[in-house]
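The values are calculated or read from the model by the stated rules, or taken from the named source; none is laboratory data. Fair warning: this is a prediction, and the values are worked out from it, not measured in the lab. Glycine gets a Cβ as well: all are built from the backbone with ideal geometry, and neighbour counts include every protein chain shown. Remember, those area values only see protein heavy atoms, side chains included, never the ligands or the DNA or RNA. Shrake-Rupley method; radii C 1.70, N 1.55, O 1.52, S 1.80 Å.
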Amino acid sequence: MSGKSDIWNHFIKKDSGGKCKYCHQEVKTKGNTTNLRNHLLRRHPTIQTVSLRKKSESGGGNCGNARNGDGQVFDDMALGIVPVPDSQNVDNSDTESVASSSVSVSVLKQPTLTSCLTNIKSFRDNGVKSSQLANAIVFMIAKDGLPLNTVEKTGFQYLMKVVAPLYKVPARKTITHMIDDKYNVLSAQLKLKIQEVEALSLTADVRTDTNNSQSYLGLTGHCIYENKLMSMIFGATALTEPHNADFLAQVIINMTEKWDITSDKVVAFITDNGANIVKAVTNVYGKNKHMPCFAHTLNLVVSKPFDNKDGLDEAKNLLTAVKDITKYFKQNTNAADSLKKAQDHQTKPLGLIQSVCTRWNSIFYQLERFVELSEIIAPILLKYPKAPTMLTAQQLEFIKDLINILRPLEVITKEISGENYVTASKIIPIVSCLTETYNTMENSTDIGAKTRTLIADGLKKRFGMVEQVHLLAAATILDPRFKKIHFTDHVACSRAINRINTSILGITRQQLPQNNS
């Protein structure tokens, strides 16, 4: 057995033959390299050696490539044939080496010329593969919120060339038209679903884009479709006039008419506590259908002790000191790097959190993270003369007490923000439990006691009449988990039960003619 042949560059010598370096299959030999050469021809046609080229030139084979009528050679990869390794012959421990190799492992069975040409045709315009890839690109851009020029970027073009070299990526304008067409189709389907829905709750919110100072009114909907909860986004409309109640009411009417949403289908309309949006909804749907957003109202209760105008001076001063230290670490690169370096033992170093007035319970997250990193922050601040002063041990105790006070509100905010389960029936029980919690809570500091009192007063002020909201009361009574347990106003509970009975009688009378027939 001679080892001078260049065939042996692709095999590892064994007693009975050689082991392929690519698929790790052992090939037996009988004093020559014929079996080794044939193995390369069958399994790895893209590999060219001196002996293989001689055999190819002498008409010994086309090395796994197909020819068309004009003599043009189609490479297997160009035809879209994805070679796969033989699972029986590949060692799992060497899978990575096979994947990283530039040489592909082909299958034994060579596809027919007809199947190859059919595969090529499917990547052309209006072909099966072409349509599938185009729809996948449209879905990716819409789902991930990517810019439309993604299809023109070099990285994406290279990716598609590797994945599907026969596919021509659509231009940006083509993708834009495809997205518009897809929107029209899905909009028509959504309108049909809305027609089948008996009850629908709407949510509206005015948001402002700080980059261009443009305000938008967003409209979303929630309903039960085919016994499943379904949420939908109807869109956002730019507000080009002053945000008074009449203008907002007209915007809401235009958006609901666009989606064929009739007023009789709307059972509840949820907004924040802004006077303009509340009046707009009341003018369109009536006072009984409007409901204030529970999460937004709860946020007003949470931020009350830290309010610049009516808050507690002690709590405001503590929060201001924490904000100043957080801001310093956000703006000072050296301090931020020192904070990360001090946490080298952790897989993912933590950073300070800046509170945002519009984000629920961000004050809680800021204070909690600050206490968690306080032992690391203190020595870092001593290194920089212009850094803010670190809080004293007594002030840290005050903050820990504030965290214990705010924790129940943070838990409730998460619970009420769910999308895959109903939340209306939980509001009255939540208010009842929160009120009981803060009335019986014990505090270790004077600041904590004052903060707890303010929050308890805020709950009473904001949610004192929550049991008289007939939609929430009916939802709570009909929920078998709660029923009448958490009602403290017996008159409101009785009134809600009477409403439920009246509604049931009305539905029964409507169904009586159908039953008699």
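Report every pair of residues separated by at least 6 positions or lying on different chains whose Cβ atoms are under 7 Å apart, first residue within the range 179-198 and open to solvent by 60 Å² or more (accessible area, probe 1.4 Å), second in a helix (DSSP H, G or I).
182/138
Among the numbered conditions (1) closer than 14 Å to residue 406 by Cα; (2) modelled with pLDDT under 90, tell me where residue 450 comes up short.
Of the numbered conditions (1) closer than 14 Å to residue 406 by Cα; (2) modelled with pLDDT under 90, the odd one out for residue 450 is (2).
Residue check, residue 488 against (1) within 30 Å of residue 395 (Cα to Cα); (2) not in a helix (DSSP H, G or I), all met but one. Which one?
In the conditions (1) within 30 Å of residue 395 (Cα to Cα); (2) not in a helix (DSSP H, G or I), residue 488 misses (1) alone.
Could we say that residue 402 is buried (at least 16 other Cβ atoms within 10 Å of the Cβ), over 30 Å from the mean Cα position of the chain (by Cα) and within 30 Å of residue 349 (Cβ to Cβ) here?
Numbers: buried (at least 16 other Cβ atoms within 10 Å of the Cβ): yes; over 30 Å from the mean Cα position of the chain (by Cα): yes; within 30 Å of residue 349 (Cβ to Cβ): yes.
Against the criterion (buried (at least 16 other Cβ atoms within 10 Å of the Cβ), over 30 Å from the mean Cα position of the chain (by Cα) and within 30 Å of residue 349 (Cβ to Cβ)), residue 402 qualifies.
So, in the range 365-389, how many residues would count as being open to solvent by 70 Å² or more (accessible area, probe 1.4 Å) and over 20 Å from residue 355 (Cβ atoms)?
Of the residues in that region, 5 qualify.
May I ask you to verify whether residue 438 is of a type in the set (Ser, Thr, Tyr) and either open to solvent by 90 Å² or more (accessible area, probe 1.4 Å) or at pLDDT below 90 (or both)?
Criteria not met by residue 438.
Being of a type in the set (Lys, Arg), open to solvent by 30 Å² or more (accessible area, probe 1.4 Å) and modelled with pLDDT of 90 or more is the requirement here; does residue 340 meet it? Steps first, answer last, please.
On the way: of a type in the set (Lys, Arg): yes; open to solvent by 30 Å² or more (accessible area, probe 1.4 Å): yes; modelled with pLDDT of 90 or more: yes.
In short, yes.
Can you tell me which residue among 392, 423 is under 24 Å from the mean Cα position of the chain (by Cα) and open to solvent by 20 Å² or more (accessible area, probe 1.4 Å)? First the steps, then the outcome.
Details: 392 fails: under 24 Å from the mean Cα position of the chain (by Cα).
Just one listed residue meets the conditions, 423.
Report, by residue number, each residue of the range 449-471 that is touching a Ser or Thr at 6+ places or on another chain (Cβ under 8 Å), buried (at least 18 other Cβ atoms within 10 Å of the Cβ) and more than 11 Å from residue 304 (Cα to Cα).
462, 463, 467
In the range 264-287, which residues are in a loop (DSSP other than H, G, I, E, B) and open to solvent by less than 70 Å² (accessible area, probe 1.4 Å)?
From the range 264-287, those in a loop (DSSP other than H, G, I, E, B) are 264-265, 272-274, 286; that's our starting set.
Matches in the range 264-287: 265, 272, 273, 274, 286.
Could you tell me whether residue 261 is out of contact with any strand residue (DSSP E or B) (no Cβ under 6 Å at 6 or more places or on another chain), touching a residue at least 60 places away in the same chain (Cβ under 8 Å) and under 28 Å from residue 188 (Cα atoms)? Walk me through how you get there before you give the answer.
Numbers: out of contact with any strand residue (DSSP E or B) (no Cβ under 6 Å at 6 or more places or on another chain): yes; touching a residue at least 60 places away in the same chain (Cβ under 8 Å): yes; under 28 Å from residue 188 (Cα atoms): yes.
So residue 261 fits the description; yes.
Is it true that some residue in the range 316-324 is modelled with pLDDT of 90 or more, surrounded by 13 or more Cβ atoms within 10 Å (Cβ to Cβ), of a type outside the set (A, V, I, L, M, F, W, C) and within 16 Å of residue 376 (Cα to Cα)?
Among the residues of the range 316-324, not one is modelled with pLDDT of 90 or more, surrounded by 13 or more Cβ atoms within 10 Å (Cβ to Cβ), of a type outside the set (A, V, I, L, M, F, W, C) and within 16 Å of residue 376 (Cα to Cα), which makes the answer no.
Please verify whether residue 333 is within 29 Å of the chain's Cα centre (by Cα), over 25 Å from residue 473 (Cβ atoms), open to solvent by 20 Å² or more (accessible area, probe 1.4 Å) and free of Cβ contacts under 8 Å to residues at least 12 places away in the same chain, treating the condition exactly as stated. If you could, list the steps in order and put the result at the bottom.
Values: within 29 Å of the chain's Cα centre (by Cα): no; over 25 Å from residue 473 (Cβ atoms): yes; open to solvent by 20 Å² or more (accessible area, probe 1.4 Å): yes; free of Cβ contacts under 8 Å to residues at least 12 places away in the same chain: yes.
Against the criterion (within 29 Å of the chain's Cα centre (by Cα), over 25 Å from residue 473 (Cβ atoms), open to solvent by 20 Å² or more (accessible area, probe 1.4 Å) and free of Cβ contacts under 8 Å to residues at least 12 places away in the same chain), residue 333 does not qualify.
For the range 299-323, what are the residues that are over 36 Å from the mean Cα position of the chain (by Cα), farther than 20 Å from residue 369 by Cα and without any contact (Cβ under 8 Å) to a residue 24 or more places away in the chain?
Once the filter is applied, which keeps residues that are over 36 Å from the mean Cα position of the chain (by Cα), farther than 20 Å from residue 369 by Cα and without any contact (Cβ under 8 Å) to a residue 24 or more places away in the chain, the range 299-323 yields 309, 310, 313.
Would you check if residue 209 is acidic (Asp, Glu), under 17 Å from residue 290 (Cβ atoms) and open to solvent by 10 Å² or more (accessible area, probe 1.4 Å)? So that I can check it myself, show each step before the final result.
Working: acidic (Asp, Glu): yes; under 17 Å from residue 290 (Cβ atoms): no; open to solvent by 10 Å² or more (accessible area, probe 1.4 Å): yes.
Answer is no for this residue.
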